[in-house]
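A short worksheet on the structure shown next.
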Amino acid sequence: MEGKARNAPALLFLSLTWVFLSLSTPTLSTSPQFQTLTINPLPEKPTLSWADTEPESETQTLTDSTSSEASTTTSLSVQLHHLDALSSDKTPQDLFNSRLTRDASRVRSLTSLAAAVGKTNGSRARGAGFSSSVISGLAQGSGEYFTRLGVGTPARYVFMVLDTGSDVVWIQCAPCKKCYSQTDPVFDPTKSRSFANIPCGSPLCRRLDSPGCNTKKQVCVYQVSYGDGSFTYGEFSTETLTFRGNRVGRVALGCGHDNEGLFVGAAGLLGLGRGRLSFPSQIGRRFNRKFSYCLVDRSASSKPSSMVFGDSAISRTARFTPLVSNPKLDTFYYVELLGISVGGTRVRGITASLFKLDSTGNGGVIIDSGTSVTRLTRPAYLALRDAFRVGASNLKRAPEFSLFDTCFDLSGKTEVKVPTVVLHFRGADISLPASNYLIPVDSSGSFCFAFAGTMSGLSIIGNIQQQGFRVVYDLAASRVGFTPRGCA
């Protein structure tokens, strides 16, 4: 009896320890180790849904937030189309290779901007005499998605690229000193009743990082430069934009008469960044500073991608993580990534310190709609890659492809089991579908692990990893959310 009594505290301690461990590690004990990847080929060139591209009756006018008129609507929605739809006849392989080329240029542009911030001794990165806080857009490092919207009064419908990595809204304008080829006629501001120049000394003009002035006309001038040497230059103006029948008045935008570089067929760019001149910032009061998008996996779904502005952009089932501010660069959407799990287990060596945004504006993790492949700082990527290789050791390996160093030969299969991957953001664990990290790269059954390392301190969560989620930007509450299966 005495021996049993002496052992009782030890048994109680062990029991309590087991209960504590069981309660404190539910994510690891309940997280699945594997999930099924359905084998789909490279997507064909997408077709445009013309129902979203032609003018509709303009039923509602939304005024500028400084106007005395009351705002009358709570939301806007538009369809999004992938840039591939504007490409000439290309094979799926050509389209994919082009996407990777654009992606490399995009990442170089974003990282060069972020790196420049750390060298400006605490001031915002600026260009030579003009606003150049945007290094993305329609150049080779372009956004990947566009929509159809009306510009001016009466509305003339054009394709505009949407880009969470830029702020300034701009469109090509006649007369052209130099304009690149676009799908629609170039916008002529003289034929619009709502077009207005912005005076040089106005508060709107001063919002540009480095505003210019046409002293002859006394109108504000903008220039946006890109990492590959492309640029757009012209008057900074206000104009009405029309989204599927809803008109948004007095949007500040660049009317570009000189647009030079490696551009594609859209007419301009709708900047969706966090900066003061981005479209969400300009229309903030009207739509409660909220927007969201859902990008479909084109290899598995024919549903359109979409974007929503306003309260209806928020999903009840979204998992939110706080936005982090970079005082040196207000364009990007920074979040805290704390770790990554593979096969239900946290990957050793991937810690929050690898993704920390420091006081000089270097490092950090951003969410970006225009980058395709997620880039992680090299130490984090190597640890993730090695853990995935161990978990996928049953799959037949294939040669490296482009930037991908971990590929598999899945030819002849219809589905395979692959290790799960979970991104651990502060307050939100996001479990990725298998097709968001193991993707087809050719027509012969090669699939690659769709992450890559970067020597830059900036990590980027790209749109392949965002596919199928409704990504919610709730700027009023300074948070970003993810809703699985949110494209319905």
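Of note:
- Here D258 meets the list (1) crowded, with 18+ Cβ neighbours inside 10 Å; (2) modelled with pLDDT of 90 or more almost entirely, failing just condition (1).
- Tabulated pairs, segment 242-259, first under 25 Å from P203 (Cβ atoms), second open to solvent by 10 Å² or more (accessible area, probe 1.4 Å) and at pLDDT below 90, C-beta under 6 angstrom, 6+ apart or interchain: R247/E58; R247/T61; G249/T63; G249/D64; R250/D64
- Close Cβ contacts (under 6 Å, 6 or more residues apart or on different chains) running from residues in segment 179-201 that are at pLDDT 95 or above to residues that are open to solvent by 40 Å² or more (accessible area, probe 1.4 Å) and in a helix (DSSP H, G or I) comprise I198/L204.
- As a summary of the residue check, L338 satisfies the conditions (1) open to solvent by 10 Å² or more (accessible area, probe 1.4 Å); (2) out of contact with any helix residue (DSSP H, G or I) (no Cβ under 8 Å at 6 or more places or on another chain) except for the one numbered (2).
- There is at least one residue in segment 363-370 that is modelled with pLDDT under 95, in contact with an Asp or Glu (Cβ under 6 Å, 6 or more places away or on another chain) and either open to solvent by less than 10 Å² (accessible area, probe 1.4 Å) or under 23 Å from A116 (Cβ atoms) (or both).
- Applying the criterion of being of a type in the set (A, V, I, L, M) and within 30 Å of V472 (Cα to Cα) to the residues of segment 388-419, the residue that is least open to solvent (accessible area, probe 1.4 Å) is V418.
- Residues being outside any strand (DSSP E or B), more than 24 Å from A115 (Cβ to Cβ) and open to solvent by 30 Å² or more (accessible area, probe 1.4 Å) - total across segment 314-335: 3
- Per the listing E58, E44, the residue uniquely modelled with pLDDT of 70 or more, in a loop (DSSP other than H, G, I, E, B) and among the acidic types (D, E) is E44.
- Residue within segment 204-219 that is more than 23 Å from P185 (Cβ to Cβ) and in contact with a helix residue (DSSP H, G or I) (Cβ under 7 Å, 6 or more places away or on another chain) present: yes
- Restricting attention to segment 336-362 and to residues that are under 22 Å from the mean Cα position of the chain (by Cα) and among the small types (G, A, S), the residue that is farthest from A115 (Cα to Cα) turns out to be G339.
- Members of segment 143-166 that are open to solvent by less than 10 Å² (accessible area, probe 1.4 Å) and charged (D, E, K, R): E144, D163
- Condition check for S194: among the hydroxyl-bearing types (S, T, Y) and either crowded, with 20+ Cβ neighbours inside 10 Å or within 24 Å of the chain's Cα centre (by Cα) (or both): no
- Summed over segment 436-461, the residues that are of a type outside the set (A, V, I, L, M), modelled with pLDDT under 95 and farther than 16 Å from S402 by Cα give a count of 2.
- Any hit, segment 361-382, residues being of a type outside the set (D, E, K, R), free of Cβ contacts under 8 Å to residues at least 12 places away in the same chain and outside the structural domain of L83 (by the TED database): no
- Residue in segment 460-468 that is more than 19 Å from the chain's Cα centre (by Cα) and either open to solvent by less than 10 Å² (accessible area, probe 1.4 Å) or more than 21 Å from Q93 (Cβ to Cβ) (or both) present: no
- Filter pass, R298 being at pLDDT 90 or above and either surrounded by fewer than 21 Cβ atoms within 10 Å (Cβ to Cβ) or assigned by the TED database to the domain that holds Q466 (or both): no
- Considering segment 341-353, and only residues there that are in contact (Cβ under 8 Å) with a residue 40 or more places away in the chain and in contact with a Leu (Cβ under 9 Å, 6 or more places away or on another chain), the residue that is most open to solvent (accessible area, probe 1.4 Å) turns out to be R346.
- When Q172, Q93, Q79, Q140 are checked against the criterion of being open to solvent by less than 10 Å² (accessible area, probe 1.4 Å), polar (S, T, N, Q) and either in the same structural domain as N259 (by the TED database) or at pLDDT below 85 (or both), a single residue qualifies: Q172.
The values are calculated or read from the model by the stated rules, or taken from the named source; none is laboratory data. Just so you know, these numbers come straight off a predicted model, no measurement behind them. Heads up, the Cβs are rebuilt from the backbone with ideal geometry, glycines too, and the neighbour counts pull from every protein chain shown. To get the accessible areas, we keep the full protein, side chains included, count just its heavy atoms, and leave off ligands, DNA and RNA. Shrake-Rupley method; radii C 1.70, N 1.55, O 1.52, S 1.80 Å.
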